[in-house]
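Quick notes on the structure that follows.
The values are calculated or read from the model by the stated rules, or taken from the named source; none is laboratory data. Keep in mind the model is a prediction, meaning the values are calculated, not measured. Methodologically, a virtual Cβ is constructed for each residue, glycine included, from the backbone with ideal geometry; neighbour enumeration extends over all protein chains shown.
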4 protein chains.
Amino acid sequence: MIKAGIVGATGYAGAELARLLSQHPQAELAAASSVSFTGQRLSEIYPAYYQLCDIVCGTQEEAVEKSDVVFAALPHGLSQELAAECFEQGKAFIDLGADFRLKNEEDYQKWYNGTFAHPELHGQAAYGLPELFRDEIRGKKIVANPGCFTTAVPLALAPALAGGFIEYKGIVADCKTGVTGAGRGLTQNTHFAELNESCSAYKVASHRHNPEMEQSLRRISGKDVTVTFVPHLLPVNRGILATCYARLKDGATPDEVRAAYEKKYAGEYFIRLLPEGKAADIRNVRLSNFCDISLHFDPHDSMLIAISAIDNMVKGAAGQAVQNMNLLFGLDEKTGLTAISPAF
Amino acid sequence: MIKAGIVGATGYAGAELARLLSQHPQAELAAASSVSFTGQRLSEIYPAYYQLCDIVCGTQEEAVEKSDVVFAALPHGLSQELAAECFEQGKAFIDLGADFRLKNEEDYQKWYNGTFAHPELHGQAAYGLPELFRDEIRGKKIVANPGCFTTAVPLALAPALAGGFIEYKGIVADCKTGVTGAGRGLTQNTHFAELNESCSAYKVASHRHNPEMEQSLRRISGKDVTVTFVPHLLPVNRGILATCYARLKDGATPDEVRAAYEKKYAGEYFIRLLPEGKAADIRNVRLSNFCDISLHFDPHDSMLIAISAIDNMVKGAAGQAVQNMNLLFGLDEKTGLTAISPAF
Amino acid sequence: MIKAGIVGATGYAGAELARLLSQHPQAELAAASSVSFTGQRLSEIYPAYYQLCDIVCGTQEEAVEKSDVVFAALPHGLSQELAAECFEQGKAFIDLGADFRLKNEEDYQKWYNGTFAHPELHGQAAYGLPELFRDEIRGKKIVANPGCFTTAVPLALAPALAGGFIEYKGIVADCKTGVTGAGRGLTQNTHFAELNESCSAYKVASHRHNPEMEQSLRRISGKDVTVTFVPHLLPVNRGILATCYARLKDGATPDEVRAAYEKKYAGEYFIRLLPEGKAADIRNVRLSNFCDISLHFDPHDSMLIAISAIDNMVKGAAGQAVQNMNLLFGLDEKTGLTAISPAF
Amino acid sequence: MIKAGIVGATGYAGAELARLLSQHPQAELAAASSVSFTGQRLSEIYPAYYQLCDIVCGTQEEAVEKSDVVFAALPHGLSQELAAECFEQGKAFIDLGADFRLKNEEDYQKWYNGTFAHPELHGQAAYGLPELFRDEIRGKKIVANPGCFTTAVPLALAPALAGGFIEYKGIVADCKTGVTGAGRGLTQNTHFAELNESCSAYKVASHRHNPEMEQSLRRISGKDVTVTFVPHLLPVNRGILATCYARLKDGATPDEVRAAYEKKYAGEYFIRLLPEGKAADIRNVRLSNFCDISLHFDPHDSMLIAISAIDNMVKGAAGQAVQNMNLLFGLDEKTGLTAISPAF
């Protein structure tokens, strides 16, 4: 059994990890740490876990000590020292935060207002989006687990960009997210009475996931891709729906675009390319690690519309982190991640 | 008092009209007709109206006879004969359906699979989007009341297109709608258990409002505008959020775009251009006839993002119809439409 | 025009009052005060009010000075001094808090841990539930506006208790409330992600409204009524549903119970006694000042089930406060309160 | 591997069974039948199951033939012939409908307007509420799987009644249910726009589960228990919250009542008796087979308030059916049912 520890276990990503790891057949939740709730059972904060995941929250040090793999679900900036410590002790480190996601320190500085405390570690860190960058993950000790939008958007666009079917400028990613993406912290706009019956955009063209998704799409296409990215907050708990618009190049046909997606994602267990005529829906991936993708075309304006749906807490956070753990430890990638989404 | 009649009073648009007309200080609900519920009180179908709007549903003929103005909230195709009858009797006719919206019969044939039964009436019909086409409405007897998306999208884009600030090709209108837009009829995807916690696109690049919004934008700009239009269904009752993306022409600056909106909409009571830094939200226009518009810019990809929010049942249907009635009858345009949206 | 001021205008009850008073034909919102948001426009906190209710929040002193009637929407304990000040200046005072609701200081001490700072004022204060205690309100200068549960439960049970049809011990009031009742403050259990898809009881048999509802029912019946009161929090914004169970006395028949309700509430505009076979539903009273009541009987256990539904923010708070203002100032009681609840 | 077949697989209970059985380590979904969707994949109706549960719906005959155990999720009245057929062929039969739940044919006639087609089979049928009647289930071939309310209410009250701590008359069961309990069929009151933001009672004191819950409570207590049962429909997908009120007998103390629950449910994996001060919440049991129970007391009216929460589709239907299958086949009762409820 792999001994897994969670640092920052009481936030939403940490709690979701605890749920998944508690049910993983080849891992056990060895430790959980929390600054705010040290000494309390995780099930006191999340009563759904009562009698099922009653682990007591300890310190970060204890979590590292007891674990073969450390998952960090921390506010941005706090992962770097922890990564260094784990690396030194030879422990695998999977970071659900943003500290190792951007390859370019200037980008990190611009968007997160931080610096690379251990530049040498960034070279060691793999970007943990297995369906696009699996080869670089195997054998690594540090994984930068992507964010939710930065999983959904690149998966929706990668085959079209890699195949050269679409213009790489002027791409629009109109995204919709469930509220758990904002975390457990309390804010006025996540108060039930103010989110219910609402829908609005936020951080319009200024969200930190913008450079991260462009970084992935540039790596895949070799082009200087730009994406106009607008997230919207939905009155639902879970899910990312990414509706991506890109202009088809002259001569690109829907059939060949579809064929490119089929080829690229053949054999990818967690990607379900939907049949023609269906549209991806967040409700069909809830509580699962799947990414549903549907392809649509607007012939009167030569536009590809690629829509992806994921559960932001699973494929967009904790589930993908477990998928990365499976990869690091040589397990079948889908171990512990085969739960079927409920139909309703 | 203007005597108003509603043909098709028991659908959602009809019922919303009944609510607004019942509270209108210079109109009275003189008649309501229904095919399915003849002889029943409207408040038996909508118990919220009990003791407040207990009008008994009669026949279409009665509704015409008792009214100075007839509102039709009928399935597509059923309004033309009724319009002819009203026109002949000298009664004002406001159509909440699509029969008189498209000026071009070929478009109507293509998208609605129908023909113009009374071509001469189409010349008499004004397109009832007052903020853009007010001059043509006054003095008319037939008004084609726009649909919900076709109110929200043109209002969001008109000043930028009219001012020549944006490219008129490759425009994206990513829209989100509340479920009442689908009407009172029962379908699997409006079953609570299947819409709750969901979000997905439908009729992708194939919705009937697409040619209608392009018709308005072409009239305004004199250009062959194309819009890729994708509606999404939200788990909320009311609201349209239209997130519109258009490429800024070289040299167009955010300041001059904003100035053009301010100029165009100065004096428009029902349009609230939001201050910089705010984003339009459907919850702020619920149950009101307002259209909130926010402007955003993505400098790294030269994109204008114009977002509009309306209540699909009010400004997107019944409220705008009352606004048109006010215009036809020479009343202050906002009469009966000044309700403040609830804060929560 | 009556000049009305709101002290504590930025909480939910205060904001709802601002909305209602802004639309009142014989009152104007003369002042609004806030400790947290002094100097800000109310519409900055509630953007639904933008351009419609842009009043700037000032101090409590200003609010008193500018007003003929002062509404207090303050945390418990803060109203007494303000009441004294208003009383001294001859201004009407309507308290949406609890300071003047309990007649007995011991009860106040037990449930609110406070004392009567101005005992003489308590004798001057009317309990503002007009349908049950209208006579004592007229001519008063201080009104204790009841809470939401304490409006819904007594209205549901009063005619049965007054008529002696039910046992006055062992009454159960199983209540369900929308989240706005908990106010604008942020708590974990009103976070969207944690309230959505949930339902649970809180403050079981220990809610402060328990002694208040018993006080009203005792006054009406002259009996030592006891109510077991359990509130539940629902994932909806607005509404109280009070399902009240009381054992029918031997010989009491459904027909005579129903007749007693009809008689008691004949002429009460805001009470809608529903026809047999219908059940009260919070959605039918949303945004209105109505209280719907339905009566049901379980013959196999001799039980009366009386169900009432109100909008907790209107009839349960701000609307009833305006109704009381109308009474104090000799206006038609329903002035400004005739909005029809939306059907959806 | 146990071969399991579902007759009526496309309704909500059938679909939930398909999800659970597909993930059961010692059973396989061998067949699924449907009258309306014969020849279609289950995943066409429930796209969440795409590529994960693509079984093609066949006929009832095929389902019986291919299975060791047949689950019937049929409208009332259709199970009896199927049960006879299975019994004859020596196959286990688990009925999620009501045909075998009521022991007394007169009750069945009164509440379901039907007759016992095979009276001898009723003697063979066990009532499948394991925590209360486990002994009678083992070794049986026919199981009447209880309904959702009839699981939640008896589990909440059994220890108090069995121990003689409460009066057996005048019990109130105020229940709240998610909408999936009403099934996949389309009705106006499950239309999203009409259920959202609503809460109301239905079938007040006239629901078919009333005699069924009394039957269980009478068996447990030996007394002529009567329960006033009022179900309410909530705008949530899943869950039953049963708030049960019963008068404590003189001398009964909270401590001894709590002790009786602890003793009764010690060792019951699926029952979680919550610590003092906590209240059962449907969100904590979503998608799980657990039943959370919290105990509360109102000293000022000598009332026990016992609250239970279950997922109506799992412990209230499909999960309990699998639990019964496990019992019939000698498996560990919790096999395939250990999923932890998501925290949000």
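The set of residues in region C:6-42 that are among the acidic types (Asp, Glu) and surrounded by fewer than 24 Cβ atoms within 10 Å (Cβ to Cβ) contains only C:Glu28.
Of the strands (runs of 3 or more DSSP E) entirely within region B:192-309, those holding at least 1 residues that are modelled with pLDDT of 95 or more and acidic (Asp, Glu) occupy B:291-298. Summed over region B:208-226, the residues that are surrounded by 21 or more Cβ atoms within 10 Å (Cβ to Cβ) and either more than 25 Å from B:Asp99 (Cβ to Cβ) or over 18 Å from the mean Cα position of the chain (by Cα) (or both) give a count of 1. When residues in region A:108-129 are screened for being surrounded by fewer than 21 Cβ atoms within 10 Å (Cβ to Cβ), touching a helix residue (DSSP H, G or I) at 6+ places or on another chain (Cβ under 7 Å) and touching a residue at least 40 places away in the same chain (Cβ under 8 Å), 2 of them pass. Of the numbered criteria (1) under 18 Å from the mean Cα position of the chain (by Cα); (2) within 28 Å of C:Gly8 (Cα to Cα); (3) aromatic (Phe, Trp, Tyr), the one C:Tyr269 fails is (2). If only residues of region A:135-181 that are assigned to a loop (DSSP other than H, G, I, E, B) and aromatic (Phe, Trp, Tyr) are counted, the one that is surrounded by the most Cβ atoms within 10 Å (Cβ to Cβ) is A:Tyr168.
A:Thr10 satisfies every condition listed in (1) away from chain D (no Cβ under 11 Å); (2) in contact (Cβ under 8 Å) with a residue 60 or more places away in the chain; (3) in contact with a Lys or Arg (Cβ under 8 Å, 6 or more places away or on another chain); (4) assigned to a loop (DSSP other than H, G, I, E, B) except (1).
Would region B:60-67 turn up any residue that is buried (at least 23 other Cβ atoms within 10 Å of the Cβ) and within 23 Å of B:Arg286 (Cα to Cα)?
No, there is no match, as no residue in region B:60-67 is buried (at least 23 other Cβ atoms within 10 Å of the Cβ) and within 23 Å of B:Arg286 (Cα to Cα).
Scanning region C:224-240 for residues that are more than 7 Å from every other protein chain (Cβ to nearest Cβ) and over 20 Å from D:Asn237 (Cα atoms) turns up C:Asp224, C:Val225, C:Val227, C:Phe229, C:Pro231, C:Ile240. Please indicate, with yes or no, whether at least one residue in region C:177-198 is more than 30 Å from A:Thr10 (Cα to Cα), in contact with a Leu (Cβ under 8 Å, 6 or more places away or on another chain) and among the polar types (S, T, N, Q). Looking through region C:177-198, none of the residues is more than 30 Å from A:Thr10 (Cα to Cα), in contact with a Leu (Cβ under 8 Å, 6 or more places away or on another chain) and among the polar types (S, T, N, Q). Among the residues of this structure, B:Gly183 does not count as one that is in contact with an Asp or Glu (Cβ under 7 Å, 6 or more places away or on another chain), in contact (Cβ under 8 Å) with a residue 40 or more places away in the chain and farther than 28 Å from A:Ile310 by Cβ. Checked against the criterion of being touching a Ser or Thr at 6+ places or on another chain (Cβ under 7 Å) and more than 8 Å from every other protein chain (Cβ to nearest Cβ), the candidates B:Ala201, B:Ala160, B:Ala156 yield just one match: B:Ala156. Residues C:Cys86, C:Cys57: which one is closer than 25 Å to C:Leu328 by Cα and buried (at least 18 other Cβ atoms within 10 Å of the Cβ)? It is C:Cys86. In region A:170-208, the residue that is farthest from B:Gly277 (Cα to Cα) out of those that are touching a helix residue (DSSP H, G or I) at 6+ places or on another chain (Cβ under 7 Å) and among the charged types (D, E, K, R) is A:Arg184.
Only one of (1) closer than 29 Å to C:Thr59 by Cα; (2) part of a helix (DSSP H, G or I) fails for C:Phe93. Which number is that? Single failed check for C:Phe93: (2).
Looking only at residues in region D:182-204 that are of a type outside the set (D, E, K, R) and farther than 21 Å from C:Asn284 by Cβ, the one that is surrounded by the fewest Cβ atoms within 10 Å (Cβ to Cβ) is D:Gly185. Inside region D:277-304, residues that are more than 8 Å from chain C (Cβ to nearest Cβ), within 15 Å of D:Cys244 (Cβ to Cβ) and hydrophobic (A, V, I, L, M, F, W, C) make up a count of 4. Summed over region A:130-140, the residues that are within 17 Å of A:Arg218 (Cβ to Cβ) and free of Cβ contacts under 8 Å to residues at least 12 places away in the same chain give a count of 1.
Restricting attention to region A:77-98, the residues that are more than 16 Å from A:Pro119 (Cβ to Cβ) and either at pLDDT below 95 or not assigned by TED's automatic domain parsing to the domain that holds A:Gln60 (or both) total 1.
Report yes if B:Ala201 is out of contact with any Pro (no Cβ under 9 Å at 6 or more places or on another chain) and not assigned by TED's automatic domain parsing to the domain that holds B:Tyr108, otherwise no. For B:Ala201, the condition - out of contact with any Pro (no Cβ under 9 Å at 6 or more places or on another chain) and not assigned by TED's automatic domain parsing to the domain that holds B:Tyr108 - is not met. For region C:23-39, a tally of residues being within 13 Å of another protein chain (Cβ to nearest Cβ), within 24 Å of C:Gly181 (Cα to Cα), out of contact with any Asp or Glu (no Cβ under 8 Å at 6 or more places or on another chain) and not aliphatic (A, V, I, L, M) returns 3. Kindly indicate whether any position in region A:234-254 is aliphatic (A, V, I, L, M) and free of Cβ contacts under 8 Å to residues at least 12 places away in the same chain. No, region A:234-254 has no match at all. Restricting to region C:209-261, name every residue that is in contact with a helix residue (DSSP H, G or I) (Cβ under 9 Å, 6 or more places away or on another chain), of a type in the set (Ser, Thr, Tyr) and over 20 Å from D:Pro299 (Cβ atoms). Those that are in contact with a helix residue (DSSP H, G or I) (Cβ under 9 Å, 6 or more places away or on another chain), of a type in the set (Ser, Thr, Tyr) and over 20 Å from D:Pro299 (Cβ atoms): C:Ser216, C:Ser221, C:Thr243, C:Tyr261.
For every residue, the table says whether it meets (1) within 22 Å of D:Ser200 (Cα to Cα); (2) of a type in the set (Gly, Ala, Ser).
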residue: C:Ala201; (1), (2): yes, yes
residue: C:Leu217; (1), (2): no, no
residue: C:Ser221; (1), (2): no, yes
residue: C:Tyr261; (1), (2): yes, no
